[in-house]
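Readers should treat all values here as calculations from the given coordinates under stated rules, not as data from a laboratory. Not measured: the values here are computed from a predicted model. Reconstructed Cβ throughout: ideal geometry from the backbone, glycine too, with neighbour counts over all protein chains shown.
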Amino acid sequence: MLCAVGWLVAYVAVVYRGFADQTYGVPLAAFFANLTWEFAYGFLLDPLGDYFHTASIFGFLVDAVIAWQVWKYGAAQFPNSVLGRYFRPIFGLCVAAALSVNYHAFIDLADPDGEYTGFGINLMMSILYLKMLEDRGSPEGQSMYIAIGKWLGTLCAWIATALTVTTSPQQTWPTSWSDFTRKSLGSRSYPLTPLINVMYGWTFLLDVAYCVLLHRSIKAAGMSPWRRL
């Protein structure tokens, strides 16, 4: 539930900030990857199969609003460039490319729960948020609620995955924090492999770094970090 709350806060803040600043609030490569991940997981792979698939349909609908913001405001981010001139055809090409890669990644990586793909996209998004903050030189399109919502949502997603390998029908909760940590970090099988743990570990650290740097950037711009949705 906290996973959904975290991402809901992030999504609402991205949409609000996008309209307020007339820009997009998700780095482009991460946006295309996330949009098509939500579509593939929600509509193509066991649609309505469980809570997570259903939540992905909602996530895709919100992503569609963000897609409209990217479509409307995106070209202005690349003035006097080929990318800006042909932004909308490139937009369509990127959606098609990302969807084909995401769909086949689910299949070829034997990733029905979207762990490799989901945490991989999250790691890419964390890296690119830092890059976006650097490139824009301002908190335009960004807010602490986006940053913290993403951090919390991804943290809770990892905990939810970890609980699948540290609990059982007979033992519905870990016996201790140390037992949970040991089993989670020591897991060697899907859905919590060493690669997934490594990707999440870096995502966590980069998200914390982004929160710190964004907080400084908002204050340097003379704004309150917590009054800026």
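The chain: longest stretch without exposed chymotrypsin sites (Phe, Trp or Tyr not before Pro) (DSSP loop, at most 16 other Cβ within 10 Å), sites themselves excluded?
By the stated rule (loop sites, at most 16 other Cβ atoms within 10 Å), 87-225.
Through the Karplus equation 6.51 cos²θ - 1.76 cosθ + 1.60, θ set to phi - 60°, convert the phi angles of the range 109-117 into ³J(HN,Hα) values in whole Hz; use x for Gly and Pro.
8, 6, 10, x, 8, x, 6, 4, 5
Using a Gaussian network model of the chain with C-alpha springs under 10 Å, which one of Ser81, Ser56, Ser184 is most mobile by mean-square fluctuation?
Between Ser81, Ser56, Ser184, it is Ser81 that shows the largest mean-square fluctuation.
Helix 144-166 against the longest principal axis of the chain: what's the angle in degrees, Cα atoms only, rounded to the nearest 10?
That helix lies at roughly 20 degrees to the long axis.
Report relative contact order for the chain in percent, whole number only (criteria: Cα-Cα under 8 Å, sequence separation at least 6).
28
Lysine pairs in the chain with alpha-carbon atoms under 27 Å apart, 8 or more places apart or on different chains: how many are there?
For the chain, the number of qualifying lysine pairs is 6.
Describe numerically, in nm with one decimal, the distance between label points set 7 Å from Cα along Cα→Cβ at Ala64 and at Leu163.
3.0
List the trypsin sites (Lys or Arg not before Pro) within the range 143-229 that fall in a DSSP loop (any state other than H, G, I, E or B) and whose Cβ has at most 11 other Cβ atoms within 10 Å.
Arg188, Arg227
Output ³J(HN,Hα) for the range 34-41: one whole-Hz value per residue in order, computed from phi by the Karplus curve 6.51 cos²θ - 1.76 cosθ + 1.60 with θ = phi - 60°, and x for Gly and Pro.
Residue by residue, the range 34-41 yields 5, 4, 6, 5, 4, 5, 5, 6 Hz.
Counting residues in the chain as N, plug N into 2.2 N^0.38 Å and put the Cα Rg over that result.
In units of the 2.2 N^0.38 Å rule of thumb, it is 1.05.
Name the residue, out of Pro174, Pro194, Pro139, whose mean-square fluctuation peaks in a Gaussian network model built on the chain with Cα pairs under 10 Å.
Largest GNM mean-square fluctuation: Pro174.
Which of Glu115, Glu38, Glu134 ends up with the largest GNM mean-square fluctuation for the chain, with Cα atoms connected below 10 Å?
In the Gaussian network model the winner is Glu134.
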